[in-house]
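Peer 1: Let me give you the structure first, and then I'll get to my questions.
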Amino acid sequence: MALIPRSGATFASLFEYEVTLDDVISVLGFRPLSKKDEALFRSSMGRAIGQWLMAEGGYQGGAKLDISDVQQSLERLAAHLEKADRFLSAADEGVHHVHDIEVASRLVSAIKENPAIGSIETAREIVVAFQAQAKIIAEGARVAAALLELTPTKAGRIRKAWLDEFTRAVMHV
């Protein structure tokens, strides 16, 4: 299982329902933090906790993204958009299967009922424009899936990036 390297930022707040930060500082015998130092500590600790939750998969069920899962989703998206392209192409001129014409006609009629649209011509233009964009997005999804094959992965333990941030926060206190 190849994981996608983490990217982005995460943040989580301290869990202070039973014990507050002031209580912990006091019990440890440290001097009380100034407002500025407390804000800095909370910010650093929030980043560390957020990174830790993401690294350990506790932030959300699918926090660790598997390359093959993302590739499959991109391929499914491309397939659905290609199927939509086929149906929607019947909204434009040309020779089309009677089933596709009926689907496109029903869709255009339903879109026309939207008060912001109001006319068959505007609804048809929207469907034709979407159909052209669907092709581009489907191609992009297939390219994105193929590019995931080139994603560098590392075997072994994942670096505990959160630990550096946690250490800096604690050292500040």
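Throughout, read-outs are computed from the coordinates displayed, never taken from laboratory work. For clarity, every value in this text was computed on a predicted model and none was experimentally measured. Glycine gets a Cβ as well: all are built from the backbone with ideal geometry, and neighbour counts include every protein chain shown.
Peer 1: Determine, for 166, 15, the number of other Cβ atoms within 10 Å of each Cβ, and report the residues in order from fewest to most.
Peer 2: Ordered by Cβ neighbours within 10 Å, fewest first: 15, 166.
Peer 1: Then there's this: Measure off 7 Å from each Cα along the Cα-to-Cβ vector at residue 80 and residue 11, then give the distance between these two points in nanometres to one decimal.
Peer 2: Here the answer is 3.2 nm between the modelled labels.
Peer 1: With θ taken as phi - 60° and the coefficients 6.51, -1.76 and 1.60, list the Karplus ³J(HN,Hα) couplings across the stretch 168-173 in order, rounded to whole Hz; mark glycine and proline as x.
Peer 2: Values per residue, Gly and Pro as x: 4, 5, 5, 4, 5, 5 Hz.
Peer 1: Here is a further query. Quick one: 3J(HN,Hα) in Hz for the stretch 94-104, Karplus 6.51/-1.76/1.60 with θ = phi - 60°, rounded, Gly and Pro as x.
Peer 2: Values, residue by residue: x, 8, 9, 5, 4, 5, 5, 5, 5, 4, 5 Hz.
Peer 1: Taking the Cα of residue 151, stepping 7 Å toward and past its beta carbon, and measuring to each backbone N in the stretch 63-94: which are under 15 Å?
Peer 2: Output list for this probe position: 63-76.
Peer 1: Once you put a point 7 Å from the Cα of residue 30 and another 7 Å from the Cα of residue 121, both along the Cβ direction, what distance in nm separates them?
Peer 2: Each label point lies 7 Å from its Cα, and together they span 7.0 nm.
Peer 1: Moving to a separate point now. In nm, to one decimal, how far is the residue 139 label point from the residue 92 one, both placed 7 Å along Cα→Cβ?
Peer 2: In this crude label model, residue 139 to residue 92 measures out at 1.2 nm.
Peer 1: Now for a different question. Once Lys and Arg get +1 and Asp and Glu get -1 on their Cβ, which of 117, 78, 138 lies farthest toward the positive end of the dipole of the stretch 68-150?
Peer 2: Positive-most Cα among the choices belongs to 117.
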